[in-house]
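Just so you know, all these numbers are worked out from the coordinates, no wet-lab data involved. None of these values were measured; they are calculated from a predicted model. As a convention, Cβ positions derive from the backbone with ideal geometry for all residues, glycine included, and neighbour counts pool all protein chains shown.
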Amino acid sequence: MKNLKSLLALLFAIALLAAACGSDDDAASDDASADDAAEASDDSSDDDAASDDEADEGDDDAMADDEGEADVDLSQGGDLTFHMITHSEDGPFWSVVKKGMDAACEDVDVSCVWMPGNNDPTQMVTDIQTAIGEGSSGIAASLPSPDQLIPELQKAVAEGIPVYTLNSGANDYGTIGATTHVGQSEDVAGEGAGLRFNDLGATKVLCGRQEQSNVGLEERCNGLKATFDGEVVDEFVGLDADQTEQINGVKAILEADPDIDGFLGVGPVIAMSGLQAATDLGRDLHIGGFDMTPELLDAIEAGDIAFTVDQQQYLQGYLPIILMYLEVTNQNQAGGGLPILTGPGFVTPDNAAAVKELSAAGTR
């Protein structure tokens, strides 16, 4: 992260220097060269005896011009306010997204507003309307409920506000008119999980969902069905906010179907709920998850959970801010009409220890 920040700071400094009307290269020469340059630029005087005071005054004016233009660029950046509107419940997954957003806002010196919807699309609609009303410089939004959110985000685009989708929305951002999507293809991620369950030798997998109407989670289970050689049971089993209820929901399904030998939790908390349910029942299941928490990484390292799908959510908070900033200040648009993918990757017992160190720092 330190290297990333240093690189961004260097790139930003280069941009400022390129925009400046003067150059510091001449100033790096010796005093005699500086005097010659000052005389050459003075059309009104051929006097070789120009005083050192006059040369110094010219240098000071040039430096003041450079500093003044740099201040304008920084002020323009500082006047920008971007809104990040998600279905976050401020749990462990979304805290990493927010940390990425905060780092990006600091790196490019802009103001950012974090607006968590707590899995309530109605609240997200209100937040989008608020951001539009405040004259947002750019909106980055997740899209768990497209039917409700697309019309509001289209209004933002109509107002000339850059819109980016993140996390969920890979299949719908074009309908909005958003510049691009930052996240993973949930279908492809689910397909990768299905192939891993094949390798594990599972025959019947329960795909447990922690939200009832999140299309991204449904796509993960659909991807599992597409590649898994056995049978998939796809069920909502309870919200992350009430993990006791969630564990009981998984246990009820497992008790009713003794043939289930695999569990895919399409989130980090629900993956741990699946492990706890299996432990309570004395069932030996092949278990996979999505995303990461310290507890989940510990379970993978211990061999209790086979894998988790890593979508690198830090990037989902960081990249939209950088991309919106570049679109507003430099007319750059990344993606070329395609989504910018942050995953899927996989954390297994082979790499869990290394990822744990980064997770402890809050960036994975």
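Numbers for the structure displayed
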item: In order through the range 348-364: 3J(HN,Hα) via Karplus (6.51 cos²θ - 1.76 cosθ + 1.60), integer Hz, x for Gly, Pro; result: 10, x, 6, 10, 4, 4, 5, 5, 4, 4, 6, 5, 5, 7, x, 10, 9
item: Positive-end residue, the range 128-204 charge dipole about Cα centroid, Cβ charges, pick of SER185, THR175, ILE132; result: SER185
item: Label-to-label distance, nm, for residues given as ASP102 and GLN331 (7 Å Cα→Cβ offset); result: 3.6
item: Amide proton proximity set for ALA141, modelled H, under 5 Å, gap of 5+; result: ILE85, TYR164, THR165, LEU166
item: Point-charge dipole on Cβ atoms (K/R +1, D/E -1) for the range 186-310, about Cα centre, debye to 20; result: 140
item: For the range 283-317 versus the range 226-246, the gap between their alpha-carbon centres in whole angstrom; result: 15
item: Distance-filtered residues of the range 242-277 - backbone nitrogen under 14 Å, label point 7 angstrom along GLU295 Cα→Cβ; result: 242-248, 267-277
item: Selected from GLY288, ALA252, PRO268, residue furthest toward positive end of dipole (the range 186-310; charges at beta carbon); result: ALA252
item: Total formal charge among the other residues, if their Cβ is under 12 angstrom from that of LEU149, Lys/Arg +1 and Asp/Glu -1; result: -4
item: Sequence of MET115, MET324, MET272 once ranked by neighbouring C-beta atoms within 10 Å, starting from the fewest; result: MET115, MET272, MET324
item: Efficiency of FRET from Cβ geometry, THR81 and LYS155, R₀ 22 Å, rounded to 0.05; result: 0.75
item: The range 146-246 - charge dipole about Cα centre, Lys and Arg +1 at Cβ, Asp and Glu -1, debye rounded to 20; result: 220
item: Charge dipole (the range 273-364, unit charges on Cβ, about Cα centre) - positive-most of ALA361, ALA299, LEU326; result: LEU326
item: Charge sum, other residues only, whose C-beta stays under 14 Å from GLU235's C-beta, Lys/Arg counted +1 and Asp/Glu -1; result: -2
item: Sum of side-chain charges, GLN129 neighbourhood, beta-carbon under 15 Å (Lys, Arg +1; Asp, Glu -1); result: -4
item: J(HN,Hα) series, the range 276-293, from Karplus relation 6.51 cos²θ - 1.76 cosθ + 1.60, nearest Hz, glycine and proline x; result: 5, 4, 5, 5, 4, 8, x, 9, 9, 10, 7, 10, x, x, 10, 6, 9, 9
